[in-house]
1. Roll a 1.4 angstrom probe over the protein heavy atoms and tell me the percent of accessible area of the protein assembly as shown that is carbon or sulfur.
2. Please sort A:371-382, A:115-126 by packing, taking for each peptide the average over its residues of neighbouring beta carbons within 10 angstrom, highest first.
3. Which value at 222 nm does the protein assembly as shown reach when only helices count, each DSSP H run of 4 or more adding -39,500 (n - 2.57), with the total divided by all residues and rounded to the nearest 500 deg cm²/dmol?
4. Taking N as the number of residues in the range B:400-449, what value does Rg over Cα atoms divided by 2.2 N^0.38 Å take?
5. So what is log10(I(q)/I(0)) for the range B:22-154 at q = 0.12 1/Å, when the Debye sum runs over its Cα atoms only?
6. If you place +1 on the Cβ of every Lys and Arg and -1 on the Cβ of every Asp and Glu, how big does the dipole about the Cα centre of the range A:261-396 come out, in debye to the nearest 20?
7. Please say if the range B:294-437 is rounded, prolate or oblate, where rounded means a/c under 1.5 for a ≥ b ≥ c the square roots of the C-alpha gyration tensor eigenvalues, and otherwise the choice is prolate for a/b larger than b/c and oblate otherwise?
8. Could you sort B:W296, B:W452 by their accessible area in this structure, using a 1.4 Å probe and putting the largest first?
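The values are calculated or read from the model by the stated rules, or taken from the named source; none is laboratory data. Bear in mind the structure is a predicted one, so any value in this text is a computation, not a measurement. Quick reminder, even Gly has a Cβ in these numbers, built from the backbone with ideal geometry, and neighbours come from all protein chains shown. We work out accessible area using only protein heavy atoms, side chains counted, and drop any ligands, DNA or RNA first. Shrake-Rupley method; radii C 1.70, N 1.55, O 1.52, S 1.80 Å.
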Amino acid sequence: MLTRRAFLAGGLAASFAPSLAARVRVRRDDRKRFPRSPGDTALVVVHLDGGNDGLNTVVPYDHPVYRRSRPTLALPEKGLLRLCPGLGLHPALAPLLPAFDAGQFAIVQGIGLATPDRSHFQSLAKWCAGTEELSSRSTGWLARAAADAALPGDRTLTYIGSRACPSALTGLRAQPTTISGLEDLALAVSATVPITADDDPELVQLAANATGVTLRRSEQIDAARRSPILVPGPRLAADLDAVARLLCVDAGPRIFWLEHAGQTAGDRSYDTHSNQIFEHAALLSELATALAAFRKALLDAGRFDRIVVLVFSEFGRRVAENGSRGTDHGTAGVAFVLGGRIQGGLKGAPPDLDHLDDGDPKVTTDFRRLYAAILGRHLGLRPDAVLGEPVAPLGI
Amino acid sequence: MTAPDLAVTWPRYVPDAERPWNAERVVRLHRRAGFGATPDVLRRDLDRGPEATIAALVSPPASGDDRMAELAESLARAAVGTSNLARLQASWLHRMLFGDDPLGERLVLFWHNWFATSAAKVDNLAWMHGQNATFRAHARGRFAELLRAMLRDPALLAWLDAPLNTKDRPNENLARELLELFTIGVGHYDERDVKETARALTGWASRKDRRAPSPEAHDDGEKTILGRTGRFSAPDVAEMLLAHPALPRRLGDRLITEFLGERKIPEASRAALARHLADSGLDLRSAVETIVASEWMLSDLSERSVLVAPVPYLVSIPRALGLGREDLSSLDLAPWLRRVGQDLFRPPTVEGWHLGRDVLATQLVAGRLAYAAAVVEGSLTKKRAPLDLDRVLGGQGGLDADRALELLARRFRGTSPTAAESRWIRDSAGGGASTDPALLRRSAALLLASPWSQSC
């Protein structure tokens, strides 16, 4: 386990990189001996709400454009977690170093949309649809994934949060479960599943389906509710705890969607238009701590090899800071993947700060390549069918 | 080309032998355009007929009930004084529950969703209350006045970082949402327009906000917005957007969805409504009247095109049960707002609440079931005692479950329980003598939250 002091000494790039490579080689061997059965992996998607600043997450600390464009926001080299020459990880992500060391944490750079639009809704809609051509008929990529696996949507797709169900889970006939926490499904009234008549109007049928879903889920949730806490803490930790407890009670193919929005629920906390430094550090710290605790809980339960966590944000932020010590909506950003059987490490190309596109770094990794890797290599599904066309998967 | 005739494209409901003005239509009108009818309101509106009822909804006479408004305002003052959001929510709920202007309060709710501002970030209840009052003042006026008022609203401006938007470093938040959400919508502007609009809005602030930037913060250079060039500032941008042809269409479509839900409205009618809005200076009252008085609102009783939104659903239950100010306090309803899915003054994002089919999300369905049970079991009433359904439904004792459900269903949604619905309620409510009060209550809760009661 690498210590902070060792990192501050700065001379660890050399000793860090080979140990990582060695670990990754070991994991590949493991895979041959223990073939995974596809279709029983759980995917947890964590949306960093608001547009996470990729450049202060994976930091090109000595690039002159970076230092020049961010007079108050540029992070000093000292204190960063060195990934390779010229790139350091925000220190708040230190809790994830054991995972990185074990080859279970992938950092994807330069990821984003080919058609950036800087609108939270539009960008998120594209990530959710798994395509940049949106229409009023767009469906969610995860809803299509559940359909491709021929899995019942209500059992497979779960949103844990306090807002409207994200469009990634909707469309088609999927009726995802949406809860704020395990306690939300404690039913005050006992009821059977309602059965409508053939001539009942469509909205009545929909309401009846929804009621049936609610009743069925509440039975499942009850067992998880009675189990002890696995991931302590509020907000994201509490949501990951709910996921962990559900997974321990009921194994099998599952897809979860969580949001990390920080202290004030409903706030797009990563949307750091002003006074970014402390807020961003606090958010990343909360994120890393919760993910590390989640990983530990599932490792202890012997289930981490069947989990993939995808962490993404709808866009990165502009290279230049604005006048409020913050940054405005940008384009290319950073995504993370965590999992017991993924191929970890630094992926993708660092943003080219010498050739910006209207003040933003160009996107070098199509976000759908990330989806293709997860769908094909980890969920045992057909990426082409879900994404609508062949997409070369990323090496994770 | 002459404008399409509104009378042709928006035919009005006219009662006749096949589509009489009856209790079912009164209930539907109040569910779609208000917060459901109380027994008194049902009797009154049945008597006075559709024309007088709709006229009173659209343009209520000055209310003689000052006490209701006084109580609402005193709750709001207490909320501001103690920084207690639940009290502010209760203040507004009080108006919805006990006031005489249901359509007005539905429109206030509509504007709250349109200019969605959250107290979670705007940490100032006086401003949130002020914004709510501004919505009320302009709810059915001209949209231009509402927009201009919103551009001076301290809650909205703080929410979208306007005070931080200065000449040296523009902040695009307000500009983007002004174009995307508050006026013309996606597809009618580009990124350049957002940047230039942000410049035009620099230094703009509410007079109430003492942190506001000074005039020196304003970038008074030339900007090019939506094809026009000039030394624009906030009022100029507002005028440009108010004159843009995309705005009346967007307003009209959203109002149609608010009151008619998923009903398919012919393109010619949508265009006519948009044209009417444009020609009338974006007169909201007139557009709302057109929709509410239309055939599509009232004629076809077998149609279900509107999923009742969380707040109207929440408020309609005590109203249908005839519970008055002496029976319950809106403070006891406030905590349920989040569980049913519309936490007033805290919309999840500036996009507002996702309504329509999203109200059927799993935990919201669970929330409605739990809420209906809580009301019926009396945990929300002042006496904290289970409701005597026999008395509530006007019985003379010995009320059995089937009769209770019939009476309650007709009051709450205008129609009798269906065969499938009755079967479900009987299976779910379990055994017991059919006049057992506990069985009556369980059945009533199931009916209020049943799949057949969620749409109208």
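1. About 52 percent, which is the carbon plus sulfur part of the accessible surface.
2. Details: A:371-382: 21.8, A:115-126: 20.1.
Taking the mean over residues of other Cβ atoms within 10 Å, the ranking is A:371-382, A:115-126.
3. Dividing the helical sum by the residues of the protein assembly as shown leaves -13500 deg cm²/dmol.
4. The value comes to 0.99.
5. Relative scattering, expressed as log10 I(q)/I(0), comes to -0.52.
6. For this selection, approximately 760 debye.
7. Oblate is the answer for the range B:294-437, as a/c is 1.5 or above yet b/c matches or exceeds a/b.
8. Order by accessible area, largest first: B:W296, B:W452.
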